[in-house]
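Below: the structure, in structure tokens.
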Amino acid sequence: MTYQIRPLDESTWDAFAALVEFNNGVFGGCWCMGFHPEGVGKGTTAALNCERKRSRVYSGNAHAALVFDGESCLGWCQFGPPDEVPRIKSRAAYERDATTTSDWRIACCFVGKGHRRQGVAAAALAGALDLIAGDGGGSVEAYPEDVESVPAGFLFNGALSTYEDLGFTRDRKIGKNRWVVTRLVERSA
């Protein structure tokens, strides 16, 4: 299947929001805010997360490669500079052995119900790399999991094999099944 990639911005907000709403706000109301500085959890609601995400998108402070089939958004890959998406899972292990910093971070991948295991996540990740190249390129870091038994809907950062298929290399392990992977993305002409 051939998908189209579009950046998350004002023009794609409605399609993104429709996907989030169809999927219960994503994990009960995250709205893809969990990796932004505001985070989610105690003291937040789905409505507040939606408002914060919309504000970030409309001000240009949220990046994602959205995967479309026609006018329907099927999933995305969230990315940004580390200060835009500073929250990561396994942070203590990550910081303990960190020796470098990246220009970009892949924070989250999500594929909507009914579209999993159809290449949407791989298309989203490849789309994110293309958008990063268009934004100047640089070093990219991500935190996928190397597991076969976790349901696809719970791989917040995606599967390790998907990243390796797109040229990422393993840097270090930061959890039972979680890795830091890196790749250099050249600036597009």
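Bear in mind that the values in this text are calculations on the coordinates, not laboratory data. Quick caveat: nothing in here was measured; it's all calculated off a predicted structure. Virtual Cβ from ideal backbone geometry, glycine too; neighbours counted across all protein chains shown.
Sorted from largest down, what three extents in whole angstroms do the Cα atoms of region 1-87 have along their principal axes?
Here the Cα extents, ordered largest to smallest, are 39, 27, 20 Å.
Take every Cα pair under 8 Å in the chain that's 6+ residues apart, average their separations, divide by the length, and report that relative contact order as a whole percent.
On the way: 345 pairs, mean separation 37.1, N = 189.
Across the chain, relative contact order equals 20 percent.
Students often forget the sequence filter, so: which lysines lie under 17 Å Cα-Cα from Lys173 once same-chain residues fewer than 8 apart are removed?
Partners found: Lys89.
If you bin every alpha carbon distance in the chain into 10 Å steps from zero, what whole percent lands in each bin?
Cα pair-distance distribution for the chain, in percent: 10, 39, 39, 12, 0.
Would you be so kind as to identify which of Asn157, Ile174, Ala47 lies farthest towards the positive end of the dipole of region 4-185, taking Lys and Arg as +1 and Asp and Glu as -1 on Cβ and the Cα centre as origin?
It is Ile174, whose Cα lies furthest towards the positive end.
Along the charge dipole of the chain, Cβ charges K/R +1 and D/E -1, which of Val57, Tyr94, Ile132 sits furthest on the positive end?
So the residue furthest toward the plus end is Tyr94.
Pulled fully out, how much extra length does the chain show between Thr2 and Thr101, if you take 0.36 nm times their separation in residues and subtract their Cα-Cα distance? Please report the intermediate quantities before stating the final value.
Working: separation 99, 0.36 × 99 = 35.64 nm, distance 3.41 nm.
That works out to 32.2 nm of additional length.
Say R0 is 41 Å: what FRET efficiency, to the nearest 0.05, do Arg54 and Arg117 get from their beta-carbon distance? Please list the in-between numbers first.
Numbers: r = 30 Å, r/R0 = 0.73.
Working from the Cβ atoms, E equals 0.85.
Would you mind calculating the gained length between Glu21 and Leu184 on full extension (0.36 nm times residue separation, minus the Cα-Cα distance), in nm to one decimal? Let's see the in-between values first.
Values: separation 163, 0.36 × 163 = 58.68 nm, distance 3.42 nm.
Extending this stretch completely gives an extra 55.3 nm.
What is the packing order of peptides 42-49, 180-187, taking the mean over residues of other C-beta atoms within 10 Å and listing the highest first?
Values: 42-49: 13.8, 180-187: 17.2.
Descending packing order for the listed peptides: 180-187, 42-49.
What distance in nm separates the simple spin-label points at Trp13 and Arg91, each placed 7 Å from Cα in the Cβ direction?
Taking the two extended label points, one gets 2.8 nm.
Any idea how far apart Arg170 and Lys42 come out in nm if each label point goes 7 Å out from Cα toward Cβ?
Reported label-point gap for Arg170 and Lys42 is 3.7 nm.
Which aspartates and glutamates does Lys53 reach when only Cα atoms under 15 Å apart count, and residues fewer than 8 places away in its own chain are ignored?
Asp9, Glu10, Asp14, Glu21, Glu38, Glu84
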